[in-house]
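Structure first, commentary second.
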Amino acid sequence: MRNSLEVRPLTGSIGAEIHGVDIADDLDDGTIGAIRQALLDHCVVFFRDQNLEPERHKAFARRFGPIFVHPFLRSKSTDPEIVEITREPGDTRIVGEDWHADTTMMPEPPMGAILYGVEVPPYGGDTLFANQYLAYETLSDGMKRMLEGMRALHSDRLVTGPAAAAKINAGRSTKTRDDSEWRETITAHPVVRTHPETGRKLLFVNRSYTVGFEDMTEAESRPLLDFLMEHGNQPEMTCRFRWRQGSVAFWDNRACKHLAINDAGQYRRVMRRVQVAGDAPR
């Protein structure tokens, strides 16, 4: 099957569509290896016209590592390994509306996520991705020297817990935790991370989770953080994926950020996500 697999780059900086493979099949090791290499080369890969039932979705994810269970989204799915993300007409907020990598407040954030279009609107609801290798490589030499060895604090308090939920949950169909048992998770990670498979350096900060630099106040951190975050999603570092029914996006959560667009108007949008466990950023 590996011989029929075709990788078509989407832009010059990030993203590729993979054709000639049915990811619901029991794929051979060579095909899985080719998909993994395409993911490493392009940061995010896309598949079209897939028929991916939940158990086959999870089986495909497990070929890349153990499944990561999301800690705070209140999914409609009864399976803890699956997150169903629903956007209903009239929602004013959606999951993932800021540039982010997923759940980076965890000591070991997920290495990737596999998102499947269950119910896709005829237009709207695109997803953007940004290459964080390029975000680092296009910094000045002076900025690179300054960031070397710096660590940033990643917290989930902006996106979950009672205070955040009071602002978020009323406007969106997929809810976040708002119970009194919730406790903040906060972890320090390198600002410049080295990818464990490619060995390349990349910028590792994002709007949803990064709240400041280690040993600095949030006020002191904010100007530099704002610069780095905006620098890391310049148009020439991005691609935009237009969903169709049965489309799949598989992104390397270590190497790119992404953003969901809430412009589906009168239409419902239902996506199913399975995440793959990762390692501690170094």
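Every number here is computed from the coordinates shown, using simple stated rules; none is lab data. The shown structure was predicted, so the numbers you read here are calculated from the model rather than taken from an experiment. Positions of Cβ are backbone-derived with ideal geometry, glycine not excepted, and every protein chain shown enters the neighbour counts.
Quick notes
- At q = 0.15, 0.16, 0.24, 0.25 Å⁻¹, base-10 log of I(q)/I(0) for region 112-153 (Debye sum, equal scatterers on each alpha carbon): -0.64, -0.67, -0.95, -0.99
- Summed side-chain charge close to residue 114 - residues other than residue 114 whose Cβ falls under 13 Å, Lys, Arg +1, Asp, Glu -1: +4
- Distance between region 226-282 and region 132-201 - C-alpha centres, whole angstrom: 14 Å
- Ranked by the mean number of other Cβ atoms within 10 Å of their residues, highest first, the peptides 171-181, 270-280 come out as 270-280, 171-181.
- Using 0.36 nm per residue and subtracting the Cα-Cα separation, the extra length available between residue 244 and residue 186 on full extension is 17.3 nm.
- Calculated FRET efficiency for the pair residue 51/residue 78, C-beta based, R₀ 30 Å, to 0.05: 0.90
- Cysteines without a disulfide-compatible neighbour (Cβ-Cβ under 4.7 Å), the chain: 239
- Counting lysine pairs in the chain whose alpha carbons fall under 21 angstrom apart, excluding pairs fewer than 8 residues apart on the same chain, gives 7.
- Ordering of 200-207, 60-67 by packing [mean C-beta count within 10 Å, highest first]: 200-207, 60-67
- Between residue 170 and residue 26, full extension at 0.36 nm per residue minus the direct alpha carbon distance yields a gain of 47.7 nm.
- Here the mean projected area of the convex hull built on the C-alpha positions of region 2-276 is 14.3 nm².
- Fully extended contour minus Cα-Cα distance, from residue 8 to residue 261, at 0.36 nm per residue: 88.7 nm
- Using alpha carbons only: equivalent-ellipsoid semi-axes of region 199-273, gyration tensor based, whole Å: 30, 16, 12
- Charged side chains reduced to their Cβ positions (Lys and Arg at +1, Asp and Glu at -1) give the chain a dipole of some 260 debye around its Cα centre.
- Looking at region 77-179, the chymotrypsin sites (Phe, Trp or Tyr not before Pro) that sit in a DSSP loop and have at most 15 other Cβ atoms within 10 Å of their own Cβ are 123.
- All Cα pairs of region 1-111, percent lying beyond 23 Å: 41 percent
- For residue 63, the shell of other residues with beta-carbons less than 9 Å away shows a net charge of +1, using +1 for Lys and Arg and -1 for Asp and Glu.
- Label zone (residue 279, point 7 Å along Cα-to-C-beta; backbone nitrogen cut-off 13 Å) within region 197-219: 197-200.
- Per residue, the average separation of C-alpha pairs within less than 8 Å and at least 6 apart gives region 2-276 a relative contact order of 35 percent.
- Overall shape: oblate for region 141-282, with the ratio a/c of the largest to smallest alpha carbon gyration tensor axis at 1.5 or above and b/c at least equal to a/b.
- Computed about its Cα centre, the charge dipole of region 89-185 is approximately 240 debye, with only Lys, Arg, Asp and Glu carrying charge at their Cβ.
- Size descriptors for region 126-206 (Cα atoms only): Rg and Dmax, in that order, 16.7, 46 Å.
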